[in-house]
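The values are calculated or read from the model by the stated rules, or taken from the named source; none is laboratory data. Quick caveat, the model's predicted, so the values are computed rather than measured. Every residue, glycine among them, receives a Cβ derived from its backbone with ideal geometry; neighbour counts consider all protein chains shown. Please note that ligands, DNA and RNA were not included when accessible areas were found on the heavy atoms of the full protein model with its side chains. Shrake-Rupley method; radii C 1.70, N 1.55, O 1.52, S 1.80 Å.
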Amino acid sequence: MSSTEPSRGLNRRHFLRHAGGLAAFGALAAACGGNTGRPSGGGGGGDGDGVALSQWYHQYGEAGTKEAALRYAKAYTKAGVNVQWTPGDYASKLSSGLLSDKGPDVFESQLNIAMVQSKQVVALDEIIEDVKDDFNPNDLAQNTVDGKVYGIKMIDDPQLIYYRKSLLDKAGIEPPTTVDDLIEASKALTTKTMKGMFVGNDGGLALGGPALWSSGGSYLTDDEKPNFAGPRALQAYAKLHELNASKSILLGAPTDWTDPGAFLNELVAMQWIGLWAMPAILKKFGDDVGVLAFPKLDAQGKDSVYSGGWTQFVSAKSRDVEAAKAFVRWLWIDKADFQEDWNLSYGFHIPPRKSLAAKATKLQSGAAADAVKLAADHGFTDNPAWTPKMGTAFGDMLTNIIKKGADPAAEADKAQKTAQAELDRLFG
């Protein structure tokens, strides 16, 4: 059930961060085709008072996820729920769907402020109010605009560095604690048959956000100003180029970093990937697995763990907004057993509800427990004021620095101008 990555450009995973916002900008407004995604009759669940709801998901990678979504929908008795499971380009389908009256009633995505300003989603304060204190504060913050909550978080997916303890021991090195240590460890772990680390076939663009945070920066300040172009941030981006140029990272892997294949097939000693991959990795390597946050830039920096995930929204164009809200409340607030199943049975994820996370026994020992603690101590999430256009500019900056060796200051200046123009448009 792989998740989103830190905002940095529109590749396969990044589009999911900004699907709704792209709709708001009209960037992907092509028609959806004949399949509207709405049920023609009672849908997957009970038909209640004749209400029919359409619930949209992207295609998750883990076995059993689609069947689980269908099972949840079937169990709902107050409305018919039709599950639309979308392989391929979920972003385009969702973007155009949210602009029409043929889109979803309920859908998963990640919030950005454009979705609110263009009135694509409705506030959900009334359904979350009595349990608000039970949600992770970061999850609330990333789904709140102007004091209103617009989404109910479904899963939290921290992304970390997995490593083989025995291979580090054999190389005589300790788990890295700074970015320089990480680069040196990747070099030391590279052999004739194995690369030191896999960070994606694009050379590590997914590390842009964590590297920025490791320097002490962030995408935006609390008062919505660009905060990713300072001297220390530039130093962090240059380190990502150094890692890419070190000849110690794997490129051209059969699957990308969101899949544990490179690690499982022993093509690398370390891999950047999410908590979702933990069960498969533990099954293969057991106690030989350790996890790390992205290490701090230097002694003045901080470890960082990007926590992605998915959030459930109600479309403002729903034909029955109140029925859609009631379904979201039932599934993602009332049905604790379904929430536990979704978070822990198909890969590992941290339940956004604190009460459920506290009793998630599968996450309370070994590397899984370490991952949860790292996320709690060093986690950061997306800012809803960070728009798709900002993310694209940030991604272009990273591509030019990491892969092409371009001047970090010049590239960051271009991205910062784009971000500032977006902020001026959004906030005046």
Rounded to whole Hz, the Karplus (6.51, -1.76, 1.60) HN-Hα couplings of the range 152-157, x for glycine and proline: 10, 5, 9, 8, 10, 10
To make sure I understand the rule: partners must be lysines, Cα under 25 Å from the Cα of LYS225, and not fewer than 8 residues away in the same chain. Which ones qualify? LYS119, LYS148, LYS239, LYS296, LYS302, LYS389, LYS414, LYS417
With a 10 Å radius around each residue's Cβ, average the other Cβ atoms per peptide and rank 123-135, 344-356, 388-400, highest first. 388-400, 344-356, 123-135
Rounded to the nearest 5, what is the percent of antiparallel bridges among the DSSP beta bridges in the range 50-173? 20
So if R0 is 60 Å, what FRET efficiency would GLU129 and GLN300 give, r being the distance between their Cβ atoms, rounded to the nearest 0.05? 0.90
Log entry: pair-distance distribution for the range 103-221, C-alpha pairs binned every 5 Å from zero, whole % per bin is 2, 8, 15, 15, 13, 11, 10, 9, 8, 6, 3, 0
For the range 204-244, would you read off the P(r) tail past 15 Å as a percentage of all alpha carbon pairs? 35
Dipole of the range 217-259, Cα-centred, from +1 at each Lys and Arg C-beta and -1 at each Asp and Glu C-beta, to the nearest 20 debye? 300
Carbon and sulfur: what percent of the chain's accessible surface (1.4 Å probe)? 50
Report, in debye and to the nearest 20, how large the dipole of the chain comes out about its Cα centre when Lys and Arg carry +1 and Asp and Glu carry -1 on their Cβ. 860
Nearest 10 degrees, 0 to 90: helix 231-244 Cα axis against the chain principal axis: 80
May I have the extent of the alpha carbons of the range 163-253 along their three principal axes, as whole Å values ordered from largest to smallest? 48, 27, 18
Out of PHE313, VAL328, ASN343, whose Cα points farthest toward the positive end of the dipole of the range 301-346 (charges: +1 Lys, Arg; -1 Asp, Glu; placed on Cβ)? PHE313
Listed by chain and number, the residues whose amide H is under 5 Å from that of GLY308, excluding neighbours fewer than 5 places away on the same chain and using placed H, are ASP157, GLN159
In straight Cα distance, which aspartates and glutamates are under 12 Å from LYS404, not counting same-chain residues fewer than 8 positions off? ASP202, GLU242, ASP396
Hey, what number do you get for the chain at 222 nm if only DSSP H runs of n ≥ 4 count, each worth -39500 (n - 2.57), divided across all residues, to the nearest 500? -10500 deg cm²/dmol
I'd like the orientation of helix 366-378 relative to the chain: the angle between its Cα long axis and the longest Cα principal axis, in ° from 0 to 90, rounded to 10. 80
Round to the nearest 0.05 the FRET efficiency obtained for LYS225 and THR361 when R0 = 35 Å and r is the Cβ-Cβ distance. 0.25
In degrees between 0 and 90, to the nearest 10, how far off the longest principal axis of the chain does helix 179-188 point, with axes built from Cα atoms? 70
Using per-residue counts of other Cβ atoms within 10 Å, averaged over each peptide, order 413-421, 378-386 from highest down. 378-386, 413-421
Stokes-Einstein D for the range 278-428 (4 °C, 1.567 mPa s, Kirkwood Rh from Cα pairs), in µm²/s, comes to 68
Treating the beta-carbon of each Lys and Arg as +1 and of each Asp and Glu as -1, no other charges, what is the dipole magnitude of the range 176-268 about its Cα centre, to the nearest 20 debye? 360
Residue-by-residue Karplus 3J(HN,Hα) for the range 133-138, coefficients 6.51, -1.76, 1.60, Hz, glycine and proline x: 5, 8, 8, 3, x, 5
3J(HN,Hα) from dihedral phi, the range 193-202, Karplus parametrisation 6.51/-1.76/1.60, rounded to Hz, x for glycine, proline: 10, 8, 8, x, 7, 10, 10, x, 6, 8
Using eta = 1.002 mPa s and T = 20 °C, Stokes-Einstein with Kirkwood Rh from Cα pairs puts D for the range 237-294, in µm² s⁻¹, at 171
With a probe of 1.4 Å, find how much accessible area the chain has per residue, and write the answer as a whole number in Å². 38
Labelled set [x] 28.2; [y] 19.2; [z] 25.4; mean projected area of the Cα convex hull in nm² computed from this model equals the value at [y]
